[in-house]
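The values are calculated or read from the model by the stated rules, or taken from the named source; none is laboratory data. Quick caveat: nothing in here was measured; it's all calculated off a predicted structure. As a convention, Cβ positions derive from the backbone with ideal geometry for all residues, glycine included, and neighbour counts pool all protein chains shown. Calculation scope for accessible area: heavy atoms of the full protein, side chains included, ligands and nucleic acids excluded. Shrake-Rupley method; radii C 1.70, N 1.55, O 1.52, S 1.80 Å.
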Amino acid sequence: MLTARGRQGVTLVEITIATATMLMVTGAIYQMLTVTQRLARAQAQQVNVQSSVRSAALVLANEFRPLGAGLGPSGEESDLVSIAPTAMIYRAERGFGLLCQPASSNRIRISGLSFSGHRDPQPARDSASVFIEGDPASTADDSWVPAAITGVGAGSCAGSESPSLDLTVFPVATLEGVPAGTPVRIHELMELRLYRSDNRSWLGMRSVSSNESIQPLSGPLRDGDGLRLDYLSGAGVPTGVRSDVRSIGISLHGESEGTADFGAHTGEPVAEELSTQVVLRNAIR
């Protein structure tokens, strides 16, 4: 009796079907990985732009908040030296302390225990502003008298062993005899502005006092209006008069360096916008 042999191998049809199925599965997996990678890149771009814009807004808020405007009997004494929609020059606070003995026209001694700031004062870069009080019953005649710092040393407060910062300043007659306990602000002249480099717009800052070159703080930003500064009076009305400014509105429009390759804005830079408002130090008097 003849018996059929057991069948061995696979047919061409089965190979074709298996190959087609494998290609379909592989294609689906590849497409899924491609979409996942593009989504991950888009999310990374968005996070980078958000981080850049938010850190810039935080820096600007910290720079602007200690500024004073409309000081002095005339109201013209201001930490805002020059204002424009995309640029500003201002006296940035770098430290604060109290006199530990009466000042002379060219010497200021600040209690080391009372001093706080980003860093110690630097000659030729920083200036000291000493508070001058007029009528104790009124704030209308109070003012801050600036003096350029020409030397910085260490010493001790008169009649004690407490450390002090000894500042030599360009002579200012008004400082003679200013009493101990008087507030002193240390500041430098800074500029921030929207500027272009490598065919992109950036938020830049520099020390005018030390004649620094502009350095990028955040970006890229949108061309033209990537930075917008709005100067507002106490009534919240836009003003171009430095002494009337009581708050500053900050608007930042950040963009990614590359373009998006996922979503509705494919081919465009990933964008992020942030707006905030900072009330100046002496806005309420």
At Glu176 and Ala154, where each label point lies 7 Å from the Cα along Cα→Cβ, what is the point-to-point distance in nanometres?
3.3 nm
Ignoring any ligand, DNA or RNA, what whole percent of the accessible area of segment 151-216 comes from carbon and sulfur when the probe is 1.4 angstrom?
51 percent
Ignoring ligands and nucleic acids, what accessible area does Val208 show with a 1.4 Å probe (Å², nearest 10)?
40 Å²
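Compute the accessible area per residue over segment 159-278, keeping the other protein chains in place, probe 1.4 Å, unit Å².
On the way: 5760 Å² over 120 residues.
On a per-residue basis, segment 159-278 sits at 48 Å².
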Cβ-based net charge around Asp225, under 15 Å, with every Lys or Arg adding one and every Asp or Glu removing one
0
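Would you kindly state how much longer the chain becomes between Gln122 and Val25 on full extension, computed as 0.36 nm times their sequence separation minus their alpha carbon distance, in nm to one decimal?
28.1 nm
In nm, what is the difference between 0.36 nm times the number of residues separating Val237 and Thr11 and their Cα-Cα distance? Show your work: numbers first, answer last.
Working: separation 226, 0.36 × 226 = 81.36 nm, distance 8.44 nm.
Result for the pair: 72.9 nm of gain on full extension.
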On full extension of the chain, what length is gained from Gln46 through Asp223, given 0.36 nm per residue of separation minus the C-alpha to C-alpha distance?
61.9 nm
